[in-house]
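Asker: My questions will all concern the structure given below.
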Amino acid sequence: MNAHEMKCMEVWGGNHHADAEVSLGGLDAWVYSQPFQNASEGGDIHYVSSCSSGRITRLLLADVSGHGNAVSESAGKLRQIMRRFVNYINQKRSVEAINKYFSESNDDGQFATAVVISFFSPTRKLTVSTAGHPSPLLFVDRLKKWQILEIPKTSANLENLPLGVIQDMRYGQYKVKLEVGDMLLCYSDALTESRRYNGDFLTEFGLVELANKVQFDHPAQFIPRLLSEIQSENDENLSTDDVTAMLLRANGRRIPFVNTLLAPFRLVRGRSSRS
């Protein structure tokens, strides 16, 4: 597994293979992504960004319809959007921009399901938006238990439509505070659409059941052991689609004060480099 230390104003990721530990402000993350049939690029897009002070972390996992050049073009566009809004605490405009992009690309029949997550280190507040995507799983450290993160819907479930279906869609946001040691797992539907030993779909309920069976001493062990549990249910599991999982853990580390002091200079430098 590779280790990656995020820099301020950085956007890391893409739609290629990844097996990495990523160190962020207030969070540690483990990212695994394997394109279908071991291709160099796949239909799952993963990104992690850090703001000019390191206090705002944003994560995106998008499952785009199709493969090949069309998805690679989308990966490049989503990187631009992540960079444009890297310093916004509220993720609403990021989600709207991503939805607008897929809506305008809909002539090609392309759409995406996605989960967008923002973490503000000083308060350990996590904001989650989903668009046609399976709900993340939350690990409550004091209970040593995984549970489905139940995201309330306020408009007859329309908020959870995939990106690109309705251009003016307003996606909801769910906020949760992570205690130190709490973890969040987001993943592509290759996991929930896997089969149980009896042929039934695993679904989110089966996934959380398997997650609670996984024994691990360190978070780095969790994703590979969970995927192994899924594969043991049915030999064809995780072999017919792109597979992506992103595990986040609140580590309680404080952002150095010098990062806040240098943030305006990084912001100006970042704008200059794009002009």
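Asker: Share of antiparallel DSSP beta bridges in the chain, in percent to the nearest 5? Write out the running numbers ahead of the final one.
Answerer: Details: 60 of 64 bridges.
So the antiparallel bridges amount to about 95 percent of the total.
Asker: Say each of residue 2 and residue 239 gets a label point 7 Å from the Cα, pointing the same way as Cα to Cβ; how far apart are those two points in nm?
Answerer: So the two model labels end up 2.7 nm from each other.
Asker: Roughly speaking, what is the stretch gain from residue 37 to residue 200, that is 0.36 nm per residue apart minus the C-alpha to C-alpha distance, in nm to one decimal?
Answerer: Details: separation 163, 0.36 × 163 = 58.68 nm, distance 2.36 nm.
Residue separation times 0.36 nm, minus the Cα-Cα distance, leaves 56.3 nm.
Asker: Can you give the local net charge around residue 199? Use residues other than it whose beta-carbon is closer than 11 angstrom to its beta-carbon, Lys and Arg +1, Asp and Glu -1. Walk me through the numbers on the way to the answer.
Answerer: Numbers: positive: 195, 196; negative: 200, 233, 236.
Net charge around residue 199: -1.
Asker: Per the Kirkwood definition applied to all pairs of different Cα atoms, how many angstroms is the hydrodynamic radius of segment 87-232? Please list the in-between numbers first.
Answerer: On the way: mean 1/r = 0.0601 Å⁻¹.
It is 16.6 Å.
Asker: In sequence order, what are the phi-derived ³J(HN,Hα) couplings for segment 13-22 according to the Karplus relation 6.51 cos²θ - 1.76 cosθ + 1.60 with θ = phi - 60°, rounded to whole Hz, with x for glycine and proline?
Answerer: 3J(HN,Hα) across segment 13-22, in whole Hz: x, x, 10, 10, 4, 8, 8, 9, 9, 10.
Asker: OK, next. By Kyte-Doolittle mean hydropathy of at least -0.5 and Cα axial length of at least 30 Å, which whole DSSP H helices of the chain are selected?
Answerer: On the way: long enough: none.
Long hydrophobic helices here: none detected.
Asker: Okay, moving on. Note down the magnitude of the dipole of the chain about its Cα centre, charges +1 on Lys and Arg C-beta and -1 on Asp and Glu C-beta and zero elsewhere, to the nearest 20 debye. Write down the numbers at each step before the final one.
Answerer: Numbers: 30 positive and 31 negative charges, 385 e Å.
The calculated dipole for the chain is roughly 1840 debye.
Asker: A further question on this structure: Could you work out the local net charge near residue 17, counting Lys and Arg as +1, Asp and Glu as -1, over the other residues with Cβ closer than 14 Å to its Cβ?
Answerer: Numbers: positive: none; negative: 19, 41, 44, 242.
Value of the local net charge: -4.
Asker: Could you give log10 I(q)/I(0) at q = 0.09, 0.12, 0.17 Å⁻¹ for segment 1-156, computed by the Debye formula over C-alpha point scatterers of equal weight, without solvent?
Answerer: These q points yield log10 I(q)/I(0) values of -0.29, -0.52, -1.08.
Asker: Student exercise: in the chain, how many lysine pairs 8 or more apart or on different chains have Cα atoms under 18 Å apart?
Answerer: Lysine pair count for the chain: 13.
Asker: What is the spin-label model distance, in nm, from residue 70 to residue 170 if the labels are put 7 Å beyond Cα along the C-beta direction?
Answerer: Going from the residue 70 label point to the residue 170 one covers 3.1 nm.
Asker: Would you compute, for the Cα atoms of the chain, the largest minus smallest coordinate along each principal axis and list the three values in descending order, in whole Å?
Answerer: Here the spans come out as 58, 47, 39 Å, largest first.
Readers should treat all values here as calculations from the given coordinates under stated rules, not as data from a laboratory. Here the structure is a predicted model, which is why all the values come from computation and not from measurement. Here the Cβ is made from the backbone with ideal geometry for all residues, glycine too, and neighbour counts use every protein chain on show.
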